[in-house]
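Enquirer: My questions will all concern the structure given below.
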Amino acid sequence: MMASAQSAPSKVLATVLLVEDEVLIRLMAANELRKAGFTVIEAAHAREALSVLRSATPVDVLITDIRMPGPIDGVQLATLARELWPNLKIAIASAYTPQWPAVNVIDAFFGKPYNPDRMIERITELLQGIK
Amino acid sequence: MTTIASAAPPSTVLVVEDEVLIRMNISQYLRECGYRVIEAVSADEALEVLQSAHEVNIVLTDVQMPGSMDGFGLAKWIRANRRDLQVIMVGTPERAADTAADLCEEGPNLSKPYEPQVLADLIRRQLGLDKSRKMVGA
């Protein structure tokens, strides 16, 4: 398998927590992120994401879908994560532009379907401190 | 860390596990061993993957999972529909004892908790067995 065309995030060995309830979409997005050099942790819903964030596993970036099964949606997850882990970079990925009760909560928004190149570029920027 | 030394494309393991931290750790370990890993949180997700175009060589599934089907159900589906696939089942010793006959019928199994290295060795053996069978039949 050849390396991805986009440049790997040099010197940024970052871990991305990807929260997406559609398995084939999660698989595709996670594979693209891994090809770009990220370590990816997959979560199928907010409860799984919170288990990971509360564990000893370091996470640099949270990318979450909005509509997911379970009592917590992606906006609520992002809001909670911002409060509990202020250094975490947070992005929302959704087919729907949400009504923001929490526009200041996230660092990036990705429309769906995922555009992996755009997502990787923006995450790399965030990790480099580019707002 | 043992890696799979082969010029062949890496085998793909479908890991079916509803406990995220276990799934995360075992998936990461297997990736470091050189496998491609597809993660599924339920048998329903696993079926979606198996019915898609994604290639899978071996399935590691927890026995007890929420959803419309547990690990046994998934193993039986695979036996009926994808006989080319190896299946390794993982369960608690109690559950395994209750259903030893089923487990034997469905193939190798591991009791939780297990060492990742033990699993990696089992996967390698299973895939090796598969290759030798193909050679015999060739």
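The values are calculated or read from the model by the stated rules, or taken from the named source; none is laboratory data. In this text, all values refer to a predicted model and were calculated from it rather than measured experimentally. With ideal geometry, Cβ positions are generated from the backbone for all residues, glycine too; neighbour counts draw on all protein chains shown. The accessibility values were calculated without ligands, DNA or RNA, using every heavy atom of the protein model including side chains. Shrake-Rupley method; radii C 1.70, N 1.55, O 1.52, S 1.80 Å.
Enquirer: Return the residues of the range A:47-77 for which accessible area with all protein chains present is lower than in the chain on its own by 40 Å² or more; set the probe to 1.4 Å and exclude ligands, DNA and RNA.
Expert: Residues shielded by partner chains are A:48.
Enquirer: Further, regarding this structure: Summarise the partner chain shielding of A:114-125 as one whole number: the mean count of Cβ atoms from other chains within 10 Å of each residue's Cβ.
Expert: Mean partner shielding for this stretch: 0.
Enquirer: Average partner chain C-beta neighbours within 10 Å, per residue of B:17-24?
Expert: The per-residue average across the peptide is 5.
Enquirer: Using a 10 Å cut-off around each Cβ of peptide A:26-32, what is the average number of partner chain Cβ atoms that fall inside?
Expert: Details: counts 5, 9, 1, 0, 4, 3, 0.
That works out to 3 on average.
Enquirer: Please sort B:110-120, A:25-35 by packing, taking for each peptide the average over its residues of neighbouring beta carbons within 10 angstrom, highest first.
Expert: Result, highest mean Cβ count within 10 Å first: A:25-35, B:110-120.
Enquirer: Assign unit charges at the C-beta atoms only (+1 for Lys and Arg, -1 for Asp and Glu), then state the dipole size of the range A:15-115 relative to its Cα centre in Debye, rounded to the nearest 20.
Expert: Here the range A:15-115 has a charge dipole of around 100 debye.
Enquirer: Name the residues whose placed amide hydrogens come within less than 5 Å of the amide hydrogen of residue B:110, ignoring near sequence neighbours (fewer than 5 apart) on the same chain.
Expert: B:89, B:90, B:91
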